[in-house]
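Q: Sharing a structure with you now.
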Amino acid sequence: MKATQLFTHSTKEIPSDETSKNAQLLLRAGFISKEMAGVYAYLPLGLRVIEKIKAIVREEMNAIDGQEIIMTSLQQKELWEKTDRWDDEKVDIWFKSALKNGTEVGFGWSHEEQITNMMRNFVHSYKDLPQSMYQFQTKLRNELRAKSGIMRGREFVMKDMYTYAHSDEEHQKIYDKVTQAYLKIFDRLGVGDKTYLTYASGGAFTEFSHEFQTITDAGEDIVYLDESKKLAINEEVYNDEIISRLSLNKKTLKKVKTAEVGNIFSFGTAKSKQLDLKFTNKEGKEEYVVLGSYGIGITRLMGVIVELFSDEKGMVWPESIAPYKVYLAQLGQDKVVLDAAKRLYDILIKNNVEVFWDDRDARPGEKFSDADLYGFPYRIVISQNTTKANEYEVKRRDQQEANNLTIDELLNLLAR
């Protein structure tokens, strides 16, 4: 990508009502555009981050036999009435509308009902189980107060997975497998050391659930964590009984502020009974399927990562999800500099290095400022001085000092 081809650009202006650091930085850098409170569009650089997060999640879901699908956003009122989750008194985050024929519909905030109803077409025998399917989809939740930037929106991208098992024992094995996959995902995204498996309330889903909570002052939750066991308890269910059940020591628990980045729920056979999802076992008798539900907030994770990895100059993306690995800053429009920049740009692409070439006719300070704001892992400067020395000035975003490297040294560095 060349800067002169990108329709977005950086700005110092941000909406006066935007107080969260993640939204301020993403808006300033042109990664997102604010449409209204709690609703954001994802622009080319921001979308690259989203797609890289999704790619990591997709790899780990496929590794545990998940099958990717995509369901509709429109929800049938009748399905949710069967499970007692249509009434606004029971679930207060619905967006609802009506078709022209008067049929009332909802906009999906979760998909347990819809997918479980669909599975009635495919699950009949014990031979049809177990099954796991997942999707990446835009969810709509009518939050009373949309705040914290993209960490809590009324419209957001979520990965939701649903598993169907013969028995509680089989479900628990799947549940444990998904738990480990989630922990691996957070490691790959660079937040594993700050993310804890957390015992929590099930809210509108079940009585209890597990959350994945990431330590950050920008979070909205309070948890009590055991750093050695990598376990935590959400404040909403924190009591002596839960502490004892988890074999934790109250004296060693640390109270911290966190943001929820994932959650997993065990529904047992409750949803299957409500929606009549049954299978015939080996003895020819009918049983109800055991359901599990597992979510990761994709856009929410992006916001949490910005909160964790940023400084006074801008964002500092982990390499695994940075929009580009290299910010190539060409200083000046002299032919020798242009030729050197073009030559390096082509070499990097040939070596599968993702590179953003700032080829604008702009001042060095403006380019350096944008490089810091965008937060790509490496900044490479090409100027008259570097071309004379036949070297490249290279600086990591998370370091202060730059180094001059030959082309071979540079390629070895970027190949890591």
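The values are calculated or read from the model by the stated rules, or taken from the named source; none is laboratory data. All figures in this text were calculated on a predicted structure; none of them were measured in a lab. Every residue, glycine as well, gets a Cβ built from its backbone with ideal geometry; the counts of neighbours run over all protein chains shown.
Q: Restricted to segment 60-109, and to residues that are part of a loop (DSSP other than H, G, I, E, B) and either touching a Gly at 6+ places or on another chain (Cβ under 8 Å) or not assigned by TED's automatic domain parsing to the domain that holds Asp160 (or both), which residue is nearest to Asp187 (Cα to Cα)?
A: Only one residue fits best here, namely Met71.
Q: Now, a different point. Would you confirm whether any residue within segment 168-179 is touching a Lys or Arg at 6+ places or on another chain (Cβ under 8 Å), under 25 Å from Gly268 (Cβ atoms) and buried (at least 16 other Cβ atoms within 10 Å of the Cβ)?
A: No; the residues of segment 168-179 include none that is touching a Lys or Arg at 6+ places or on another chain (Cβ under 8 Å), under 25 Å from Gly268 (Cβ atoms) and buried (at least 16 other Cβ atoms within 10 Å of the Cβ).
Q: In addition: Any residue in segment 21-36 that is outside any strand (DSSP E or B), assigned by TED's automatic domain parsing to the domain that holds Val157, polar (S, T, N, Q) and farther than 23 Å from Leu301 by Cα?
A: no
Q: Is it the case that some residue within segment 191-201 is surrounded by fewer than 16 Cβ atoms within 10 Å (Cβ to Cβ) and at pLDDT below 95?
A: Yes, segment 191-201 contains a residue that is surrounded by fewer than 16 Cβ atoms within 10 Å (Cβ to Cβ) and at pLDDT below 95.
Q: Which of (1) within 15 Å of Ile296 (Cβ to Cβ); (2) in contact (Cβ under 8 Å) with a residue 60 or more places away in the chain does Glu155 not meet, given it meets every other one?
A: Only one criterion in (1) within 15 Å of Ile296 (Cβ to Cβ); (2) in contact (Cβ under 8 Å) with a residue 60 or more places away in the chain is unmet by Glu155, namely (1).
Q: Please specify each residue of segment 112-148 satisfying the condition of being surrounded by 17 or more Cβ atoms within 10 Å (Cβ to Cβ), assigned to a loop (DSSP other than H, G, I, E, B) and modelled with pLDDT of 95 or more.
A: Across segment 112-148, the qualifying residues are Val123, Leu129, Pro130.
Q: How many residues, within segment 222-281, are crowded, with 21+ Cβ neighbours inside 10 Å, in a helix (DSSP H, G or I) and hydroxyl-bearing (Ser, Thr, Tyr)?
A: Looking only at that region, the number is 1.
Q: Counting only residues that are over 15 Å from Val157 (Cβ atoms) and small (Gly, Ala, Ser), which one in segment 283-315 is surrounded by the fewest Cβ atoms within 10 Å (Cβ to Cβ)?
A: Top of the filtered list is Gly284.
Q: Taking only segment 376-416 into account, find how many residues are of a type outside the set (A, V, I, L, M, F, W, C) and out of contact with any helix residue (DSSP H, G or I) (no Cβ under 8 Å at 6 or more places or on another chain).
A: Qualifying residue count, segment 376-416: 17.
Q: Give me the pairs: first residue in segment 171-200 and of a type in the set (Lys, Arg), second residue outside any helix (DSSP H, G or I), beta-carbon distance under 7 Å, and six or more apart or on different chains, which are they?
A: Within 7 Å, the pairs are Lys177/Ile64; Arg188/Ser320; Lys194/Thr214; Lys194/Ile215.
Q: Give the number of residues within segment 366-386 that are modelled with pLDDT of 95 or more, out of contact with any Phe, Trp or Tyr (no Cβ under 8 Å at 6 or more places or on another chain) and more than 17 Å from Ala322 (Cβ to Cβ).
A: 4
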